[in-house]
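Novice: The structure's right below; bear with me while I get my questions together.
Nothing in this text is a laboratory measurement; each read-out follows from the coordinates by a stated rule. Please read these numbers as outputs of a predicted model, since none were measured by experiment. Cβ atoms come from the backbone with ideal geometry, glycine included; neighbour counts cover every protein chain shown.
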Amino acid sequence: MTAPESPPLVEMRNIRVSYGGVHAVDDVSIDLRAGEVVGLVGGNGAGKSTLMRALSGARKADSGTILIDGKIVTITNPHDAKGHGIETIYQTLALADNLNAPANLFLGRELTNWIGDLDNAAMEHETRKVMARLNPNFTRFSSPVSSLSGGQRQAVAIARAVHFNARIMIMDEPTAALGPAETAQVRNLIRQLKAEGLGIFLVSHDIHDVFDLSDRISVMYHGKIVGTVNKADVTHDDVLSMIILGR
Amino acid sequence: MTDGVGVAPDELQGGKPSWLRGQVASLGLDLRLFGMLVALALILVYFGIRTDGKFLSPSNLVVLAIQASVVAVMATGMVLVIVSRNIDLSVGSIVGLVSMTYAMLMTEWMPDLGIRFDTGYMWIVALAIGLGLGTAIGALQGFVIAYMGVPSFIVTLGGLLSLRGVVWVLSEGAAKSGLAEPFQLLGGGAIGAIGGPPTWAVGIVAAVGIIALTVYGRRQRSRFGFGVRPAWADGLLAMAGAGAVVGLAAFFNANLWPKGLASRYAIANGITEPPGGLKIAVGIPWPVVLVIGVTLVMTYLATRRRFGREVFAYGGNPEAAALAGINTRWTIMKVFALMGLLCGVSAAIAAARLNGSTLDIGQGNELYVIAAAVVGGTSLAGGIGTIPGAVLGGLVMQTLAYGLNFTRVTSAVQNIVAGIVLVVAVGFDTYNRRRAG
């Protein structure tokens, strides 16, 4: 663990998000340090994804503060979040199916030449570089991603998060749709990114995944965090009962 | 599109690798576009045979091209509207309103302000106001759609009805005619064209441009060591393209001034007429120049600029586009504003051809424009479509309509055929797409 005097990489304080009068996230505080994986678990509708959406800029928090490196920041849209080095891998992958891998990887921050034209060749080059690291078998750089397999699509979504030198990564159910081999690949990647000093929020239903990869585990129940524990101090059953009973 | 979506050489390798298929695949042709060219050629040949070749005379086909231009210009914008999961039913009424505005400006409003009819700038001012009006109407509709969340079908249906009403109110129910002479040139005709030598120049510049772009494309890809098509394939395509544009220039120049006009010109300029009369090439008509220019600019916007990438991304997955940080509302509003601007261009062509404006000008155009885009391969589900495809689709539909008209088929039967062709073409396309996966 880092020395206590250095501020956490991310600190979310008293966050509230409500949908039509229902508090999906109700006065939640959570933090994340560099080189740390924090697992976020809870039942369906517990508010995990909503909390993370407030950090990734997909949904503005109704109230509360977000601090990065101890400084208060304002995140109202995905652009703000990316500006602070926050990258997100969504459960739905959030890919434009009709576009190819390079177009998806650079979606919203395309490389352009001196007159502002898209530099497709340069984008393909960068995509080839990052894919060589993540999935060396990937060759279909000009096909629309709708024609790729689930694992390949996941690789594109991960490549998009990795390429831009994120410091904070949010992974929402990163292995939910994957086969065993691809799941192992994603786990290795998480360990590698952690070793590189990134802070990672791992949202998952899969308690085994969370125990394998996380340093700390936060349990959400009905929009509140009911406990944050060090992995070493608890058993699977302890966490399960927190998820189910909310205490 | 050639980059974001579409068929690329390295995915055509499925199936049995027979030698011929391999060679055809390495051409990396856009099969849909190619298929439409074949369909167009078949339609032309059919009507050519039916009329003993009269249908294929340069003067006749030039009239056809001019007629198709009003729809073709708007079809380029409709592609982006449909790609972004929207529809615009108001285009015909915008044409009506802007046409009437051009006519009112030049026949009443500007003369009332003391701007004389023969001032050189009258038509430019009128054109600028009309284009601005079209853009403003499109932007307003786009604002209601994107920022207030009213479905585009409803907003533009409202536009279809109410803007046509505005035409009636403006003109007090009367047609207007008599536009400034330079403006009339936008409608084509013997003098509404760029003339013989410039047509050759355009043809040659375009041929050189196609070859240069091919070479540039190869350079770009080999800059990073990516695979390029075999040199023979690129060479063949470039030569075919260059040949086609020079051929088109020759075709437009085979259209000659009418005898009477030519001899009057000869007398006025003191030229002795050779036996058989003076032969003056008409060249590319201005409306066709507009179609070519609009097609190039719109293709550039759709495939080479961020704006186009954002529109296609939104069409493919609106949520993904928003999560990628794209300002999707602003993008949608821009699409509709652009559509309005293109309606202004079409309105100029339509008004110039009529030398004025009627109450029903543009009526029903929305259906032909949507049909052109859809026959040209635009998917109503969003995210898929090409600008050249829509222009070609418009040309196919207009050629069919014009040919049936030319062979004296009644308008009732014309509509029956147009409707069936629309459904069959899209059905065929859907079948192919499903098979390709």
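Novice: Taking the stretch B:364-403 on its own, what percent of its Cα-Cα pair distances exceed 11 Å? Intermediate values should be presented prior to the final figure.
Specialist: Working: 453 of 780 pairs.
When all Cα pairs of the stretch B:364-403 are counted, 58 percent exceed 11 Å.
Novice: Please compare each pair in B:Lys176/B:Lys334; B:Lys54/B:Lys279; A:Lys71/A:Lys231; A:Lys194/A:Lys231; A:Lys60/A:Lys82; A:Lys60/A:Lys231 to a cut-off of 22 Å on the Cα-Cα distance and tell me which ones are over it. Intermediate results must be reported in sequence, preceding the final value.
Specialist: On the way: B:Lys176/B:Lys334 32 Å; B:Lys54/B:Lys279 20 Å; A:Lys71/A:Lys231 28 Å; A:Lys194/A:Lys231 16 Å; A:Lys60/A:Lys82 14 Å; A:Lys60/A:Lys231 30 Å.
Those over the limit are B:Lys176/B:Lys334; A:Lys71/A:Lys231; A:Lys60/A:Lys231.
Novice: On to the next question. Rounded to two decimals, what ratio of Rg to Rh does the protein assembly as shown give with C-alpha atoms and a Kirkwood Rh? Mind showing how you got there, number by number?
Specialist: Values: Rg = 30.3 Å, Rh = 28.5 Å.
Radius of gyration relative to Kirkwood radius: 1.06.
Novice: Largest first, please: the extent of the C-alpha atoms of the stretch B:322-437 along each principal axis, to the nearest Å.
Specialist: Principal axes ranked by extent give 55, 42, 19 Å for the Cα atoms.
Novice: Quick one: Cα centre-to-centre distance for the stretch A:31-52 and the stretch B:284-305, in angstrom?
Specialist: 51 Å
Novice: Going by amide H atoms built from the backbone, whose H comes under 5 Å of the H on A:Thr88, apart from near neighbours?
Specialist: A:Ile170
Novice: For the stretch B:369-437 and the stretch A:214-247, compute the distance between their C-alpha centroids and round to whole Å.
Specialist: Answer, in whole Å: 60.
Novice: If packing is taken as the average number of other Cβ atoms within 10 Å across a peptide's residues, how do B:422-428, B:188-194 rank, most packed first? The partial results should precede the final answer.
Specialist: Working: B:422-428: 14.1, B:188-194: 20.3.
Highest mean packing first, the order is B:188-194, B:422-428.
Novice: Using a 7 Å offset from the Cα along the Cα-to-Cβ direction at both A:Gln91 and A:Thr65, what is the distance between the two label points in nm, to one decimal?
Specialist: Simple spin-label model gives 3.1 nm for this pair.
Novice: Relative contact order for chain A: what percent, with Cα pairs under 8 Å and sequence separation of 6 or more? Please report the intermediate quantities before stating the final value.
Specialist: Values: 458 pairs, mean separation 67.3, N = 247.
Relative contact order here is 27 percent.
Novice: Something else: Eigenvalues of the Cα gyration tensor times 5, then square-rooted: what semi-axes does that give for the stretch A:180-238, in whole angstrom, largest first?
Specialist: Numbers: eigenvalues 93, 35, 27 Å².
Sorted largest first and rounded, they come to 22, 13, 12 Å.
Novice: A further question follows. Please report, ordered by residue number, every helix of chain A (full DSSP H runs) that is 18 Å or longer along its axis going by C-alpha atoms and whose mean Kyte-Doolittle hydropathy reaches -0.5.
Specialist: Working: long enough: A:120-134 (21 Å, -0.67); A:150-163 (19 Å, 0.01); A:180-195 (23 Å, -0.47).
Span-like helices here: A:150-163, A:180-195.
Novice: Pop the C-beta distance of B:Val409 and B:Met148 into the FRET formula with R0 = 60 Å and round what comes out to the nearest 0.05.
Specialist: Numbers: r = 45 Å, r/R0 = 0.75.
With a Förster radius of 60 Å, E is 0.85.
Novice: Work the Kirkwood hydrodynamic radius out for the stretch A:16-149: mean of 1/r over every pair of different alpha-carbon atoms, inverted, in Å. Don't jump to the answer; show the numbers that get you there.
Specialist: On the way: mean 1/r = 0.0573 Å⁻¹.
Every distinct Cα pair counted, the radius reaches 17.5 Å.
Novice: Then there is this: For A:Arg191 paired with B:Ala244, estimate the spin-label separation in nm (one decimal), with each label point 7 Å from Cα along the Cα-to-Cβ line.
Specialist: My value for the distance between the label points is 5.5 nm.
Novice: Shifting gears a bit: Per DSSP H run of n ≥ 4, the term is -39500 (n - 2.57); total these for chain B, divide by its residue number, and report the mean residue ellipticity at 222 nm rounded to 500 deg cm²/dmol. Numbers along the way, then the final one.
Specialist: On the way: 17 runs with 301 residues, N = 437.
One gets -23500 deg cm²/dmol as the mean residue ellipticity at 222 nm.
Novice: In debye, nearest 20: dipole of chain A around its Cα centre with unit charges on the Cβ of K, R (+) and D, E (-)? Display every interim value, and only then the final one.
Specialist: Values: 24 positive and 27 negative charges, 33 e Å.
About 160 debye.
Novice: When only alpha-carbon atoms count, how far does the stretch B:147-257 stretch along each of its three principal axes, as whole angstroms with the largest first?
Specialist: 63, 51, 17
Novice: In addition: Any chance you could check the Cα centroid distance between the stretch A:162-191 and the stretch B:98-154 for me, in angstrom?
Specialist: After rounding, the separation between the Cα centres reads 54 Å.
Novice: Same structure, new question: How are the C-alpha pair distances of the stretch A:76-167 spread across 10 Å bins, as whole percents from the shortest bin up?
Specialist: 17, 51, 30, 3
Novice: Taking Rh as the Kirkwood radius computed over C-alpha pairs, what is the Stokes-Einstein D of the stretch A:1-70 at 37 °C in a medium of viscosity 0.692 mPa s, expressed in µm² per second?
Specialist: Reported coefficient: 256 µm²/s.
Novice: To continue, here is another question. For an R0 of 60 angstrom, estimate the FRET efficiency from the Cβ-Cβ distance between B:Val417 and A:Ser6 and round to the nearest 0.05.
Specialist: Details: r = 76 Å, r/R0 = 1.27.
After rounding to 0.05, the efficiency reads 0.20.
Novice: Can you compute log10 of I(q)/I(0) for the stretch A:114-247 with the Debye formula, treating each Cα as one identical point scatterer, at q = 0.11, 0.17 Å⁻¹?
Specialist: One equal scatterer on each Cα of the stretch A:114-247 leads to -0.50, -0.97.
Novice: Return the FRET efficiency for the residue pair B:Arg116, B:Glu181: r is the Cβ-Cβ distance, R0 is 22 Å, and the value is rounded to the nearest 0.05.
Specialist: Numbers: r = 13 Å, r/R0 = 0.59.
It comes to 0.95.
Novice: In addition: Please report the base-10 log of the normalised intensity I(q)/I(0) for the stretch B:75-130, using a Debye sum with one equal scatterer per alpha carbon and no solvent, at each q in 0.17, 0.18, 0.22, 0.25 (1/Å).
Specialist: Treating every Cα as an identical point scatterer, log10 I(q)/I(0) equals -0.63, -0.66, -0.80, -0.92.
Novice: Take every residue in peptide A:88-98, count the Cβ atoms of other chains within 10 Å of its Cβ, and give the average of those counts. Show your work: numbers first, answer last.
Specialist: Numbers: counts 1, 0, 3, 0, 4, 2, 7, 5, 17, 7, 16.
Counting other chains' Cβ atoms within 10 Å and averaging over A:88-98 gives 6.
Novice: In addition: Give me the percent of Cα-Cα pairs in the stretch B:239-325 that sit more than 16 Å apart, rounded to a whole number.
Specialist: Details: 2670 of 3741 pairs.
Summing the P(r) tail past 16 Å for the stretch B:239-325 gives 71 percent.
Novice: Using the Karplus curve 6.51 cos²θ - 1.76 cosθ + 1.60 with θ = phi - 60°, work out ³J(HN,Hα) for each residue of the stretch A:64-81 in order, rounded to whole Hz, and write x for Gly and Pro.
Specialist: Working through the residues one at a time gives x, 10, 10, 10, 10, 6, x, 10, 6, 10, 10, 10, 10, 8, x, 4, 4, 4 Hz.
Novice: Here's another thing I want to ask about it. Could I have the simple spin-label model distance between B:Thr430 and A:Tyr19, label points 7 Å from Cα toward Cβ, reported in nm to one decimal?
Specialist: It works out to 3.2 nm between the two label points.
Novice: In chain B, which helices (entire DSSP H runs) extend 30 Å or more along their own long axis, judged by Cα positions, while averaging at least 1.0 on the Kyte-Doolittle scale?
Specialist: B:58-83, B:122-148, B:231-253, B:328-354
Novice: Could you bin all the Cα-Cα distances of the stretch B:172-217 into 5 Å bins starting at 0 and give me the percent of pairs in each, rounded to whole numbers?
Specialist: The percentages, shortest bin first, are 5, 16, 14, 13, 12, 11, 9, 7, 5, 4, 2, 1.
Novice: Positive end of the charge dipole of the stretch A:58-203 (Lys, Arg +1 and Asp, Glu -1 on Cβ, about the Cα centre): tell me which of A:Thr65, A:Leu105, A:Met123 has its Cα farthest that way.
Specialist: Result: A:Thr65, furthest along the dipole toward the positive end.
Novice: Using only alpha carbon pairs under 8 Å that are at least six residues apart, calculate the relative contact order of the stretch A:128-201 and give it in whole percent.
Specialist: Details: 40 pairs, mean separation 23.5, N = 74.
Relative contact order for the stretch A:128-201 comes out at 32 percent.
Novice: Related question: Over all alpha-carbon pairs in chain B, figure out the percentage whose distance exceeds 34 Å.
Specialist: Numbers: 34894 of 95266 pairs.
Cα-Cα pairs of chain B separated by over 34 Å account for 37 percent.
Novice: Using Cα-Cα distances under 8 Å and only pairs 6 or more residues apart, what relative contact order does chain B have, in percent?
Specialist: Relative contact order here is 33 percent.
Novice: Report the Cα-based extents of the stretch A:140-209 along its three principal axes, largest first, to the nearest Å.
Specialist: Projected onto its principal axes, the Cα set of the stretch A:140-209 covers 33, 28, 17 Å.
Novice: Out of all DSSP beta bridges with both ends in the protein assembly as shown, state the antiparallel percent to the nearest 5. Can you show the working numbers first?
Specialist: Values: 27 of 45 bridges.
Of the beta bridges lying entirely in the protein assembly as shown, close to 60 percent run antiparallel.
Novice: Next question, about the same structure. Taking the alpha carbon gyration tensor of chain A, what are the square roots of 5 times its eigenvalues, largest first, to the nearest whole Å? Can you show the working numbers first?
Specialist: Details: eigenvalues 189, 85, 59 Å².
One finds semi-axes of 31, 21, 17 Å for chain A.
Novice: If the viscosity is 0.890 mPa s and the temperature 25 °C, what translational diffusion coefficient in µm²/s does Stokes-Einstein give for the stretch B:274-316 when Rh comes from Kirkwood over Cα pairs? Let's see the in-between values first.
Specialist: Details: Rh = 13.3 Å.
The diffusion coefficient I find is 185 µm²/s.
Novice: Give me A:Glu11, B:Glu108 ranked fewest to most by other Cβ atoms within 10 Å of their Cβ, as a rough exposure proxy.
Specialist: Lowest to highest Cβ neighbour count: B:Glu108, A:Glu11.
Novice: So, one more: So between B:Tyr300 and B:Val38, what do we pick up on full extension, going 0.36 nm a residue minus the alpha carbon distance? Please list the in-between numbers first.
Specialist: Working: separation 262, 0.36 × 262 = 94.32 nm, distance 2.48 nm.
Net length gain for the segment: 91.8 nm.
Novice: How much length is gained if the chain between B:Ala254 and B:Tyr216 is pulled fully straight, taking 0.36 nm per residue apart and subtracting their Cα-Cα distance, in nm to one decimal?
Specialist: 10.4 nm
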